[in-house]
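Report on the following structure.
The values are calculated or read from the model by the stated rules, or taken from the named source; none is laboratory data. Source: prediction; values computed, not measured. FYI the Cβ positions are ideal-geometry reconstructions off the backbone, even for glycines, and counts take in every protein chain you see. Side chains included, ligands, DNA and RNA excluded: accessible areas come from the protein's heavy atoms. Shrake-Rupley method; radii C 1.70, N 1.55, O 1.52, S 1.80 Å.
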Amino acid sequence: MNGRSALRHYILVGLGFALMVAALYMVFIYVPTDKNMGAVQRIFYFHVPLAWIAFLAFFVVFVCSILYLTKRDMKWDVIASASAEVGVVFTSLVLITGSIWAKAAWGIWWTWDARLTATLVLWFTYVAYLLVRHYVAEDSQRARLGAVLGIVGFIDVPIVALAIMLWRTQHPGALIFEGGLVTSMLITLLVCIIAFTVLYIILVVQSTRLKNMEADIRNIKNNRPD
Amino acid sequence: MDNLGYLFAAYTIIWALIFGYVFFLYYKQRKLRQQMDLLKDSKGEREGPD
């Protein structure tokens, strides 16, 4: 990492930290407690941004996969795999926090509701994407297979997003667009979304850097005269 | 209906998983740096002092 990119990295990490502290302050102190659900509704402020950023992560995988197949530049493959990794972490958290919230609100940990099931399928799809990449040894074959999976897998993202409109589900509707949130709740949600977007960028940049380093080591080993 | 235990559990798991992933990246970086240093050292030995 050269001087300028190190400075950029530290600025981004500092900004992410400040935003996360602000987000936590707003979630636990600033925003009023929901009248119907009580304190447990505060899960919403991290659950929703995590889901949105997971969608963003898989959209980045989708775009980078198309770019890889058209340009055959490994740079796009590396970014796609880094974004998928972060997307899987965030989707895992969406499923876990959703399940905890369901237990508090509905009295059950899980139900085979359209939104929940589609999200689980999304998680399995990208875990499969990462596993395929892990087990294919040859670089270009791994990138090609990954790109195809990254494009096909993205089909599930609009299904997850629209499930609440397409089917009768137990999952709450789009409160944000239906005007079901007061201004302070909306502002808190917005700050949380920005904080998680910055966290996503930091993690993808870091993971991309490591994947490039891994590739460099592989190249040195392969070109070394024994 | 406050269910504070559920709220605590949700936020604890969120941070545990995020920190777990950050630690995984840090551990991987350390391992790769060590490998890179080893490769540089072995290259230096092969080429000699000149």
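What to note about this one:
- Restricting the first member to region A:47-73 and to residues that are closer than 24 Å to A:R142 by Cβ, and the second to residues that are of a type in the set (S, T, Y), the beta-carbon pairs closer than 6 Å and six or more apart or on different chains are A:A54/A:T91; A:A57/A:S83; A:V60/A:S83; A:V61/A:S83.
- For A:G16, the conditions (1) under 16 Å from A:V198 (Cβ atoms); (2) of a type outside the set (D, E, K, R); (3) at the interface with another protein chain (Cβ under 10 Å from one of its Cβ atoms) all hold with the exception of (3).
- Being farther than 30 Å from A:N219 by Cα, open to solvent by less than 50 Å² (accessible area, probe 1.4 Å), at pLDDT 95 or above and not polar (S, T, N, Q) is a property that A:L120 has.
- Odd one out for A:M74 among (1) modelled with pLDDT under 95; (2) more than 23 Å from A:L203 (Cβ to Cβ): (2)
- For region B:1-39, a tally of residues being of a type in the set (A, V, I, L, M), within 20 Å of the chain's Cα centre (by Cα), over 13 Å from A:M213 (Cα atoms) and within 7 Å of another protein chain (Cβ to nearest Cβ) returns 3.
- Matching residues, region A:7-39, being within 22 Å of A:V89 (Cα to Cα) and surrounded by 13 or more Cβ atoms within 10 Å (Cβ to Cβ): A:H9, A:L12, A:V13, A:L15, A:G16, A:F17, A:L19, A:M20, A:A23, A:L24, A:V27
- Whether a residue is open to solvent by 40 Å² or more (accessible area, probe 1.4 Å) and either within 20 Å of B:A9 (Cα to Cα) or small (G, A, S) (or both) was assessed, and A:I79 does not pass this test.
- When A:F44, A:F58 are checked against the criterion of being within 11 Å of chain B (Cβ to nearest Cβ), crowded, with 19+ Cβ neighbours inside 10 Å and under 16 Å from A:S92 (Cα atoms), a single residue qualifies: A:F44.
- When A:G107 is tested against the conditions (1) within 14 Å of chain B (Cβ to nearest Cβ); (2) surrounded by 21 or more Cβ atoms within 10 Å (Cβ to Cβ), the lone failure is (2).
- Index of the failed condition, A:S65 passing every other in (1) surrounded by fewer than 20 Cβ atoms within 10 Å (Cβ to Cβ); (2) over 30 Å from A:M185 (Cα atoms); (3) of a type in the set (S, T, N, Q): (1)
- Residue check, A:I53 more than 30 Å from A:W101 (Cβ to Cβ) and among the hydrophobic types (A, V, I, L, M, F, W, C): no
- Per-region count, region A:87-113, residues assigned to a helix (DSSP H, G or I), at pLDDT 90 or above and within 19 Å of A:W167 (Cβ to Cβ): 4
- Some residue of region A:74-91 being closer than 27 Å to A:S184 by Cα, free of Cβ contacts under 8 Å to residues at least 12 places away in the same chain and within 12 Å of another protein chain (Cβ to nearest Cβ): no
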